[in-house]
């Protein structure tokens with residue numbers, strides 16, 4: 001038994017929630033392509049996200065991000081991981097809702113901190129107090145992520161495969177998105 005994916009599945013949530021890892025595992029389960037909007041931006045610009053932020057600023061990055069998300073969603077069905085800030089844009093939320101389905105990987109602040117605190121690849125956390133910065137971002141973003149079409153709680157004791165299965169279970173409630181064939 002397999003699956004027919006009728007709309008692009010867009011993983012949204014905070015940095016460290018597992019959008020890329022879980023999205024990759026989900027794409028394998030569904031036998032569809034996996035795409036990562038941040039990776040596509042890096043490829044297109046030949047610069048890291050941190051370099052783009054430093055050189056051109058966040059507003060420029062967000063503009064490019066929207067263009068890339070639209071292009072990837074129009075290219076066909078698959079699983080798309082977006083950067084943590086992508087869903088904050090009302091335009092991106094509408095685009096994702098119109099062309100696909102958003103899945104919020106809802107992880108609590110402590111789990112996120114445990115996952116991101118030793119990484120220097122997060123430009124928004126290059127501050128005096130990265131935990132306070134992450135906490136402020138969390139408080140700001142959670143009400144917006146809650147607008148996602150589907151929500152899956154990320155459990156600290158779940159593996160990537162377990163979380164991908166939880167997302168698949170949530171998607172099965174949406175036959176307009178995923179059908180068993």
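The values are calculated or read from the model by the stated rules, or taken from the named source; none is laboratory data. Note that this is a predicted model, so its numbers are computed, not measured. In this analysis, Cβ positions are derived from the backbone assuming ideal geometry, glycine residues included, and neighbour counts consider all displayed protein chains.
Assess whether residue 117 counts as being out of contact with any strand residue (DSSP E or B) (no Cβ under 8 Å at 6 or more places or on another chain), surrounded by fewer than 17 Cβ atoms within 10 Å (Cβ to Cβ) and closer than 27 Å to residue 51 by Cα.
Criteria met by residue 117.
Condition test on residue 141, is it assigned to a helix (DSSP H, G or I), out of contact with any helix residue (DSSP H, G or I) (no Cβ under 8 Å at 6 or more places or on another chain) and crowded, with 17+ Cβ neighbours inside 10 Å?
So residue 141 does not fit the description; no.
Per-residue answers, yes or no, for (1) assigned to a helix (DSSP H, G or I); (2) at pLDDT below 95:
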residue: 77; (1), (2): no, yes
residue: 104; (1), (2): no, no
residue: 132; (1), (2): yes, yes
residue: 136; (1), (2): yes, yes
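Scan the range 8-56 for residues that are assigned to a loop (DSSP other than H, G, I, E, B), touching a helix residue (DSSP H, G or I) at 6+ places or on another chain (Cβ under 7 Å) and buried (at least 17 other Cβ atoms within 10 Å of the Cβ) and jot them down.
13, 14, 15, 16, 17, 18
With 170, 94, 148 as the choices, which residue is at pLDDT 95 or above, assigned to a helix (DSSP H, G or I) and under 20 Å from residue 25 (Cβ atoms)?
170 is the lone residue from the list that is at pLDDT 95 or above, assigned to a helix (DSSP H, G or I) and under 20 Å from residue 25 (Cβ atoms).
Could you list, in sequence order, all residues of the range 86-101 that are buried (at least 21 other Cβ atoms within 10 Å of the Cβ) and more than 17 Å from residue 23 (Cα to Cα)?
The one that is buried (at least 21 other Cβ atoms within 10 Å of the Cβ) and more than 17 Å from residue 23 (Cα to Cα): 92.
What's the number of the condition residue 177 fails, among (1) more than 16 Å from the chain's Cα centre (by Cα); (2) buried (at least 17 other Cβ atoms within 10 Å of the Cβ); (3) over 23 Å from residue 25 (Cβ atoms)?
Result: residue 177 passes all but (3).
Is it true that residue 157 is more than 16 Å from residue 102 (Cα to Cα) and either in contact with a helix residue (DSSP H, G or I) (Cβ under 6 Å, 6 or more places away or on another chain) or in a helix (DSSP H, G or I) (or both)?
In short, no.
Suppose we filter 112, 124 for residues that are under 13 Å from residue 19 (Cα atoms), in contact with a helix residue (DSSP H, G or I) (Cβ under 8 Å, 6 or more places away or on another chain) and either surrounded by 16 or more Cβ atoms within 10 Å (Cβ to Cβ) or at pLDDT 90 or above (or both); which single one remains?
Within the list 112, 124, the selection yields 112.
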